[in-house]
Amino acid sequence: QVQLVESGGGPVQPGGSLRLSCAASGRIFKILLMAWYRQALGKQRELVASITSAGNSMYADSLNGRFTISRDNAQSQVVLQMNSLKPEDTAVYYCYVGGMDFESWGQGTQVTVSS
């Protein structure tokens, strides 16, 4: 099993930045994919960004380059840098890791973008 601990959410004004971190522990040697999802109130959970163990990343089209995902394999940590935040980015953000035979989710961290 892999356990995940997220940090970095909170309130922020439109145009501001936040940095979400997710630290993994346990069977980290089996992690292949690390990602961030989000779920806004009343909406389905959606993929925000993902990054493979080789460092290949992908992003939701709607982000228009505002977010950056990075990964530290040695620290087993994945970071989501969010810039130029908009009210529509308000959601609970979840860390996700997956391997050949498992997947794990973090507990979620709230991001609220409001003036």
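The values are calculated or read from the model by the stated rules, or taken from the named source; none is laboratory data. Treat the numbers as computed from the prediction; the structure is a model and nothing was measured. In this analysis, Cβ positions are derived from the backbone assuming ideal geometry, glycine residues included, and neighbour counts consider all displayed protein chains. Accessible surface is based on the protein model in full, side chains and every heavy atom, while ligands, DNA and RNA are left aside. Shrake-Rupley method; radii C 1.70, N 1.55, O 1.52, S 1.80 Å.
Couple of notes before you dig in:
- Residues of segment 11-23 that are of a type in the set (Gly, Ala, Ser) and within 17 Å of residue 84 (Cβ to Cβ): 15, 16, 17.
- In summary, residue 31 fulfils each of the numbered conditions (1) at pLDDT 95 or above; (2) open to solvent by less than 30 Å² (accessible area, probe 1.4 Å); (3) among the β-branched types (Val, Ile, Thr) with the single exception of condition (1).
- Applying the criterion of being hydrophobic (A, V, I, L, M, F, W, C) and modelled with pLDDT under 95 to the residues of segment 56-86, the residue that is surrounded by the fewest Cβ atoms within 10 Å (Cβ to Cβ) is 74.
- Members of segment 38-55 found to be closer than 16 Å to residue 92 by Cβ, surrounded by fewer than 21 Cβ atoms within 10 Å (Cβ to Cβ) and not basic (Lys, Arg), listed by number: 39, 40, 41, 42, 44, 46, 47
- When residue 2 is tested against (1) open to solvent by less than 30 Å² (accessible area, probe 1.4 Å); (2) among the hydrophobic types (A, V, I, L, M, F, W, C); (3) free of Cβ contacts under 8 Å to residues at least 24 places away in the same chain, just one condition goes unmet, and that condition is (3).
- Residues being in contact with a strand residue (DSSP E or B) (Cβ under 8 Å, 6 or more places away or on another chain) and among the small types (Gly, Ala, Ser) - total across segment 80-98: 2
- Residue selected from segment 53-90 under the condition of a type in the set (Asp, Glu) and closer than 23 Å to residue 110 by Cβ, by the criterion farthest from the chain's Cα centre (by Cα): 88
- Residue identified as closer than 30 Å to residue 115 by Cβ and out of contact with any Leu (no Cβ under 8 Å at 6 or more places or on another chain) among 37, 94: 94
- In segment 10-21 there is no residue that is charged (D, E, K, R), open to solvent by 60 Å² or more (accessible area, probe 1.4 Å) and over 14 Å from the mean Cα position of the chain (by Cα).
- A residue that is open to solvent by 60 Å² or more (accessible area, probe 1.4 Å), free of Cβ contacts under 8 Å to residues at least 12 places away in the same chain and not in a strand (DSSP E or B) occurs nowhere in segment 94-101.
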